[in-house]
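Everything below concerns the one structure shown next.
The values are calculated or read from the model by the stated rules, or taken from the named source; none is laboratory data. Bear in mind the structure is a predicted one, so any value in this text is a computation, not a measurement. No Cβ is skipped: glycine too gets one built from the backbone with ideal geometry, and neighbour counts run over all protein chains shown.
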Amino acid sequence: MQTCDVALVGAGPSNLSLAAHLEGDPGLDWALLERRAEPRWHEGMLLPDARLQSSHFKDLVFMSDPGSPFTFFSYLHEHGLLYRYIHAEYSTPLRRDFDRYLQWVLLKLGERVSLGEAALGLHYENGRLVLSTDRRTLAARDVVLGMGHTPRIPRTSLDPSDERVFHSSRYRERRRDLGDLRGRSIAIVGGGQSAAEILLDLVSDDDMPRRLTWLSRGLAFRMFDETVLCNDIYTPEFARYFFGSPAPVRARLNETYKSSSDGIVADLMLSIFRRFYVLDREGASHPERRILLGRTMQDLADAGTGEVEITCEDATTGRAERITADIVVLATGYETGFGALEPALDTLAQRDAQGALVFERDYTLRLRPGIEGVRIFAQNASVDTYGWVDPNLGGTSYRSATIANVLLGRDRYRNGGSATFVDWGGDA
Ligand SMILES: Cc1cc2nc3c(=O)[nH]c(=O)nc-3n(C[C@H](O)[C@H](O)[C@H](O)COP(=O)(O)OP(=O)(O)OC[C@H]3O[C@@H](n4cnc5c(N)ncnc54)[C@H](O)[C@@H]3O)c2cc1C
């Protein structure tokens, strides 16, 4: 059995950020494992012009360690792109640039990273946590779970393997397979950023579909709020205030600030509107389009004509409505979970009265009595406990610096006050 001090599971931005914060400290032996052999950042949505919804300063390290060799700007500099990037007047990176930046960080981290290795189990044995992977067993004092989220795919009457229906996380691959879209009808279910990006992508080339239907549950499209006051919640001060608040207040805060995390960027909506303006002005006969608000998808079924039938409820009339399409894209978001490690957490970690895992201020899980001398950290796993900062890059650097300080047993990173506009109280 191999051993290390800390095992990091998953090499997405959360654990890459933590690894970058641990790198260069000889006092800690850590290992990072990632199930994919060639990890890409949300590959299915790496559309050519898609941009991040967050500032280039909110990379893996900058907000807690601006002098780090792992900043996005160091990546640009090393690749001779810095001048051109700045002259292009970007303030939020292209998603494809960010993906390349993550790959560069992964490479820089070197031999401690093991790609193509999936964690399959976790148990407690003789005062250590033992990870079973598809390659080895690895004993560690601490484990950090950074396993991300999984696509939320509603259960319907249709066979889940039906290729006419797919989640937005597979969009690029399926779009390639579908080839020329002329003559086809496509429905997009969901009212968020991914749905809007897919819609624009589908009308950007000449081979546009014959008919496009966009169904959103809300009675209005939620617009992404990136204004200065919303950014106040992506600060260490707010993180401390949020954690210290009772659960009902946290829930209210999350509802109040939902649009700071979840919504369509104004520029994107404008681009869609302008694209349809041009198509209409040119007298384009297709795509015939229907943009429908207040429609909740209830089921998908085979229409018997080769098409898929979508049943949805109209929030205004309360009536069921049926819509058909050749292809249905589910831009229905993501949900948290620990995949193969979920059963292990049932035996290792405590749950509250509602059955939810209990997360501490330092991002550890509250473990069951008798499990001592070890810690399980979880990143990007509880919006309810940490707020919208948890799933977003805006808080990644702060969270990693907090965890790194705990793992190293000293304050390597100064994670202090942030001079917010609003007085969130606390000990900043
Ligand atoms: C399309 C899209 C765009 C987004 N854009 C933004 C944005 O612009 N700004 C922003 O702030 N946030 C954005 N987000 C939010 C997103 O959650 C974060 O940006 C970020 O990807 C979270 O990082 P993570 O490491 O927690 O999870 P992930 O990026 O999902 O990484 C988790 C990793 O763990 C690996 N893994 C899972 N299980 C195992 C296992 N058993 N063994 C080994 N490895 C495993 C996975 O393969 C994956 O590589 C976006 C999300 C999506 C889906």
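Just one of the numbered conditions (1) out of contact with any strand residue (DSSP E or B) (no Cβ under 7 Å at 6 or more places or on another chain); (2) surrounded by 19 or more Cβ atoms within 10 Å (Cβ to Cβ) is not true of ILE188: (1).
Summed over the range 27-49, residues that are in contact with a Leu (Cβ under 8 Å, 6 or more places away or on another chain), within 25 Å of GLY333 (Cα to Cα) and modelled with pLDDT of 95 or more total 7. Of the residues ASN415, ASN405, ASN380, the single one that is of a type in the set (S, T, N, Q) and out of contact with any Pro (no Cβ under 8 Å at 6 or more places or on another chain) is ASN405.
The listed residues are PRO236, PRO209, and the only one of them that is surrounded by 14 or more Cβ atoms within 10 Å (Cβ to Cβ) and in contact with a His (Cβ under 9 Å, 6 or more places away or on another chain) turns out to be PRO209. Do you know which residues across the range 1-52 are among the polar types (S, T, N, Q), surrounded by 19 or more Cβ atoms within 10 Å (Cβ to Cβ) and more than 7 Å from the ligand (Cβ to nearest atom)? Across the range 1-52, the qualifying residue is only SER17.
Among the criteria (1) more than 30 Å from LEU120 (Cβ to Cβ); (2) in contact (Cβ under 8 Å) with a residue 60 or more places away in the chain, the one GLY337 does not fulfil is (1).
Considering the conditions (1) at pLDDT below 95; (2) touching an Asp or Glu at 6+ places or on another chain (Cβ under 8 Å), GLU111 is excluded by exactly one of them, (2).
Of the candidates VAL113, VAL130, VAL143, the single residue that is assigned by TED's automatic domain parsing to the domain that holds ILE371, touching a His at 6+ places or on another chain (Cβ under 7 Å), closer than 15 Å to ALA7 by Cβ and not polar (S, T, N, Q) is VAL130.
Just checking, how many residues over the range 90-108 are modelled with pLDDT under 95 and of a type in the set (Asp, Glu)? The qualifying residues number 0. The lone criterion from (1) touching a residue at least 60 places away in the same chain (Cβ under 8 Å); (2) touching a Phe, Trp or Tyr at 6+ places or on another chain (Cβ under 9 Å) left unmet by HIS123 is number (2).
Is it fair to say SER74 is buried (at least 16 other Cβ atoms within 10 Å of the Cβ) and at pLDDT below 95? It is false that SER74 is buried (at least 16 other Cβ atoms within 10 Å of the Cβ) and at pLDDT below 95.
When residues in the range 164-223 are screened for being within 16 Å of the ligand (Cβ to nearest atom) and in a helix (DSSP H, G or I), 17 of them pass. On the basis of being surrounded by fewer than 19 Cβ atoms within 10 Å (Cβ to Cβ), assigned to a loop (DSSP other than H, G, I, E, B) and acidic (Asp, Glu), does ASP362 make the cut? So ASP362 fits the description; yes. In the condition set (1) of a type outside the set (Gly, Ala, Ser); (2) touching a helix residue (DSSP H, G or I) at 6+ places or on another chain (Cβ under 7 Å); (3) more than 16 Å from the ligand (Cβ to nearest atom); (4) not in a loop (DSSP other than H, G, I, E, B), ILE403 is compliant with all but (3). Kindly indicate the residue of the range 53-96 that is more than 23 Å from the chain's Cα centre (by Cα) and within 26 Å of MET269 (Cα to Cα) and also farthest from the ligand (Cβ to nearest atom) among those meeting that condition. Once the filter is applied, the top-ranked residue is HIS87.
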